[in-house]
1. Any idea how many residues of segment 37-51 are within 16 Å of the chain's Cα centre (by Cα), under 19 Å from Gly15 (Cβ atoms) and among the polar types (S, T, N, Q)?
2. Determine which member of the set Tyr121, Tyr91 is at pLDDT 95 or above and within 22 Å of Asn36 (Cβ to Cβ).
3. Looking for something farther than 20 Å from Arg3 by Cα, hydrophobic (A, V, I, L, M, F, W, C) and crowded, with 21+ Cβ neighbours inside 10 Å - is there at least one such residue anywhere in segment 89-112?
4. Which strands (runs of 3 or more DSSP E) does segment 46-122 wholly contain that include 2 or more residues that are closer than 18 Å to Gln19 by Cα and out of contact with any Pro (no Cβ under 6 Å at 6 or more places or on another chain)?
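The values are calculated or read from the model by the stated rules, or taken from the named source; none is laboratory data. These numbers come from a predicted model, not from an experiment. We place every Cβ from the backbone using ideal geometry, glycine too, and count neighbours over all the protein chains shown.
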Amino acid sequence: MKRAVSTSQSPAPAGIYSQGIAVGPLVFVAGQGPVNPVTSRSEAELGAQTHQAIRNVRAILEAAGCTLDDVVKVTAHLANVEDFAVFNTVYREYFRDPFPVRTTVGSTLIDGLVEIDAIAYRAEGADRADRAEG
């Protein structure tokens, strides 16, 4: 059974999609951009935008009973792939070995310079989070 995961600690979806979906032990987090959920603004610089996008992903994971350590797959979209080094430096601050598998691509983004989605595995947290809901 799948269930929506949402939190006010990450920006509300801009379209018809969930912030996250939990299915069994897996949590899928929709692409998160650099918008701060409190101010509804984003910083101009890629490093600051990457910090905020990862914090947005982390907030949704936490709402599902996960942490960034539970992430197994990340897809990152950069408006300019020449900014990869800046993105990668910030990314390293949040993820540790064994690092999630990752795909990083250049994309045309509507708002911001970066968007990140993730898949997490919550083996022990699955039962705990499901009981807390129902």
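1. 1
2. Tyr91
3. No: zero hits.
4. Counting at least 2 such residues, we get 71-78, 114-121.
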